[in-house]
Each structure stands twice: as structure tokens, then as C-alpha cells.
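Have a look at the structure below before the remarks.
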Amino acid sequence: MDQILALLGNAPPFLIYLTLGLGAAVENIVPPIPADTFVLIGGFLAARDHVSEVVVFFVTWASNVVSALAVFVIAYRHGNSFFQTRFGRYFLRPTQLKTIRKFYDRWGSAAIFYTRFLPGLRVVAPVFAGVTQQKPWVVAMPLLVASAIWYGGLTWAGLVAGRNLEHI
């Protein structure tokens with residue numbers, strides 16, 4: 001971790017922002033890569049005056065939200081046809097898809113909002129919302145707001161950690 005922080009700490013701000021943005025975005029495509037880590041590192045680097053905490057927040061928040069919405073759009077356009085194939089039914093059977101659709105029809109925006117705070121579910125919620133053909137605004141609004149709260153909190157936590165490293 002020290003080596004990563006040293007490497008990023010010596011990089012120009014544009015490269016740091018690019019790295020943080022890509023790291024936050026890729027979570028929605030490759031779930032094992034946690035966006036939260038990139039946001040915390042960004043807040044930590046901001047506390048050390050390498051970058052601006054405001055820009056860290058906006059870059060990581062926007063990157064993650066845009067990639068989540070892109071995944072939603074792809075699932076919206078191609079999800080149903082994929083899960084009707086033999087290969088797709090291997091992952092999600094029609095009865096399971098029906099259950100997910102009922103869940104989103106009932107909980108919609110609330111489900112999207114609350115899953116943004118749960119790293120494991122945060123990634124799959126836009127996919128299932130797209131596959132079940134939820135209205136774009138039902139997905140976009142809670143995703144934007146909840147992600148802003150989450151990434152704002154993580155940026156702040158990174159700032160606090162960076163400013164109090166000697167005590168930690």
C-alpha cells in the first residue's frame with residue numbers, strides 16, 4: 001500500500017485523477033475491483049495536498065455513476081434476449097427473472113438507492129434493473145443521490161485518515 005501511495009503521490013494530478021476515475025468506473029465491469037479503495041486513496045492523497053478533495057469526489061462519483069448507468073443501458077437493451085438463450089438460462093432461470101422483476105416493480109428506486117451502500121450488491125443492481133426493464137429515471141435518480149452520499153463519505157474518510165495518519 002505504501003508503494004502505491006508513493007507512486008501516486010509523485011504522479012501529476014491529472015494522472016492521479018485519471019487513475020482514480022478509471023478505478024472507480026471499472027468496479028461496475030469487474031466487480032472484484034472495489035471502487036471504494038480508489039475513493040479512499042483519493043481522499044488520503046487530498047489530505048496530503050497532492051490533489052483536490054472536491055475533484056477527487058467528482059471524478060470518482062461521476063466515473064462510477066456513468067459506468068453503472070452504461071451497464072444498466074446494456075442490460076436494458078440486451079439483457080432479456082441474453083437470458084432467453086440456453087447460456088443465459090444457465091445463469092438466471094425464467095422463474096428467477098420473474099422474481100427479480102416483481103422485486104423491482106415493488107421496490108424500484110428504494111432498492112437501487114440502498115444497494116449503492118452495499119459493495120457486493122451495488123454492482124448487480126443496475127444490471128438487474130436493466131434486465132427487468134425498469135424506467136431509466138427510476139434507476140438514475142437514486143443511483144446519483146446514493147452514490148453522491150457514499151462517495152462523499154468515503155472521500156471525507158480518506159481525508160480524515162490522511163490528516164491523522166500520525167495518530168492512526
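The values are calculated or read from the model by the stated rules, or taken from the named source; none is laboratory data. These numbers were taken from a predicted model, which means no experiment stands behind them. No Cβ is skipped: glycine too gets one built from the backbone with ideal geometry, and neighbour counts run over all protein chains shown. All accessible areas refer to the heavy atoms of the entire protein, side chains included, with ligands and DNA or RNA removed. Shrake-Rupley method; radii C 1.70, N 1.55, O 1.52, S 1.80 Å.
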*Answer with one residue from P34, L7, L165: the one whose Cα lies farthest towards the positive end of the charge dipole of the chain, charges on Cβ with Lys, Arg +1 and Asp, Glu -1.*
P34
*Under a point-charge model restricted to the Cβ atoms of Lys and Arg (+1) and Asp and Glu (-1), what is the dipole moment magnitude of the chain relative to its Cα centre, in debye to the nearest 20?*
1140
*asked:* Could you sort I74, I16, I33, I100 by their accessible area in this structure, using a 1.4 Å probe and putting the largest first?
replied: I74, I33, I100, I16
*Return one whole number: the accessible area per residue of the chain in Å², for a 1.4 Å probe.*
57
_Entry for volume of the Cα convex hull per residue in Å³ (calculated from the structure that is shown) out of [x] 130; [y] 101; [z] 115_ = [z]
*How do R93, R48 rank by accessible surface area computed with a 1.4 Å probe, from largest to smallest?*
R93, R48
*What part of the accessible area of the chain, given as a whole %, is carbon or sulfur when the probe is 1.4 angstrom?*
70
*Where does the charge balance sit around W156 when Lys and Arg score +1, Asp and Glu -1, over other residues with C-beta under 12 Å from its C-beta?*
0
*What list of ³J(HN,Hα) values in whole Hz, one per residue of the stretch 45-51 in order, does the Karplus curve 6.51 cos²θ - 1.76 cosθ + 1.60 (θ = phi - 60°) give from phi, with Gly and Pro shown as x?*
5, 5, 5, 8, 6, 8, 8
